[in-house]
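**Student:** Once you've had a glance at the structure underneath, I'll fire off some questions.
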Amino acid sequence: MILEVVKYGDPVLRRKGAKIEAITPELTRFIADMFDTMKAAKGVGLAAQQVGRAVQLTVIDVRGVKD
């Protein structure tokens, strides 16, 4: 599922992310959604805060980068 990317000025972008204590099915789905969102935006990385969740999580995929 493609998540909504929050815009500059949204308060969640300044919130400290909470630590992830356990890998749950919900978290695994969220990670997959973050990858879908990042790919749809043609990006190479995405932080959870950028999609409105203040947790310490970032997804990165640089396999297609040529520089």
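The values are calculated or read from the model by the stated rules, or taken from the named source; none is laboratory data. Model, not experiment: these values are computed from the prediction. Using ideal geometry, Cβ is built from the backbone for each residue, glycine included, and neighbour counts are taken over all protein chains shown. The area values use the complete protein model at the heavy-atom level, side chains included, leaving out ligands, DNA and RNA. Shrake-Rupley method; radii C 1.70, N 1.55, O 1.52, S 1.80 Å.
**Student:** When the expected Rg is taken as 2.2 N^0.38 Å, what fraction or multiple of it is the alpha-carbon Rg of the chain? Before the final figure, lay out the partial values.
**Tutor:** On the way: Rg = 12.2 Å, N = 67, 2.2 N^0.38 = 10.9 Å.
Relative to the 2.2 N^0.38 Å estimate, the chain comes out at 1.12.
**Student:** Test of the criteria: in the stretch 4-67, which chymotrypsin sites (Phe, Trp or Tyr not before Pro) are in a DSSP loop and have at most 12 other Cβ atoms within 10 angstrom of their Cβ? Kindly include the intermediate steps, with their values, before the conclusion.
**Tutor:** Numbers: sites: TYR8, PHE30, PHE35; in loops: TYR8.
Those that pass, being in a loop and sparsely packed, are TYR8.
**Student:** Counting helices only, and only those DSSP H runs with n ≥ 4, report the 222 nm mean residue ellipticity of the chain as the sum of -39,500 (n - 2.57) divided by its residues, in deg cm²/dmol to the nearest 500.
**Tutor:** Working: 1 runs with 16 residues, N = 67.
Calculated from helices alone, the mean residue ellipticity at 222 nm is -8000 deg cm²/dmol.
**Student:** Rank these residues by their accessible area, most exposed first, probe 1.4 Å: THR58, THR24. Before the final figure, lay out each step's value.
**Tutor:** Numbers: THR58 85, THR24 55 Å².
Reading off the accessible areas and sorting them downward yields THR58, THR24.
**Student:** For the pairs LYS19/LYS39; LYS7/LYS39; LYS42/LYS66, flag any whose C-alpha to C-alpha distance is greater than 20 Å. Mind showing how you got there, number by number?
**Tutor:** Working: LYS19/LYS39 25 Å; LYS7/LYS39 18 Å; LYS42/LYS66 14 Å.
As for pairs spanning more than 20 Å Cα to Cα, those are LYS19/LYS39.
**Student:** Of all trypsin sites (Lys or Arg not before Pro) in the chain, which ones are in loop regions per DSSP and have a Cβ with at most 13 other Cβ atoms within 10 Å? Numbers along the way, then the final one.
**Tutor:** On the way: sites: LYS7, ARG14, ARG15, LYS16, LYS19, ARG29, LYS39, LYS42, ARG53, ARG63, LYS66; in loops: LYS7, ARG15, LYS16, LYS19, LYS42, ARG53, ARG63, LYS66.
Here the trypsin sites (Lys or Arg not before Pro) that fit, given the DSSP loop and packing criteria, are LYS7, ARG15, LYS16, LYS19, LYS42, ARG63, LYS66.
**Student:** What nm distance separates the two modelled labels at ALA54 and ASP67, each placed 7 Å from Cα along Cα→Cβ?
**Tutor:** Distance between label points: 3.3 nm.
**Student:** Now a separate question. Give me the percent of accessible area attributable to carbon and sulfur for the chain, probe 1.4 angstrom.
**Tutor:** Details: 2850 of 5060 Å².
Within the chain, the accessible surface is 56 percent carbon and sulfur.
**Student:** Nearest 0.05, what FRET efficiency do ALA22 and VAL44 give at R0 = 30 Å with Cβ-Cβ as r? Walk me through the numbers before you get to the answer.
**Tutor:** Values: r = 27 Å, r/R0 = 0.91.
Plugging the Cβ-Cβ distance into 1/(1 + (r/R0)^6) gives 0.65.
**Student:** Quick query: amide H of LEU3 versus all other amide H atoms, modeled in the peptide plane; which residues come in under 5 Å with a sequence gap of 5 or more or a different chain?
**Tutor:** For LEU3, the qualifying residues are THR37.
**Student:** If you count only protein heavy atoms with a 1.4 Å probe, what accessible area per residue comes out for the chain, rounded to a whole Å²?
**Tutor:** On the way: 5060 Å² over 67 residues.
I get 76 Å² per residue for the chain.
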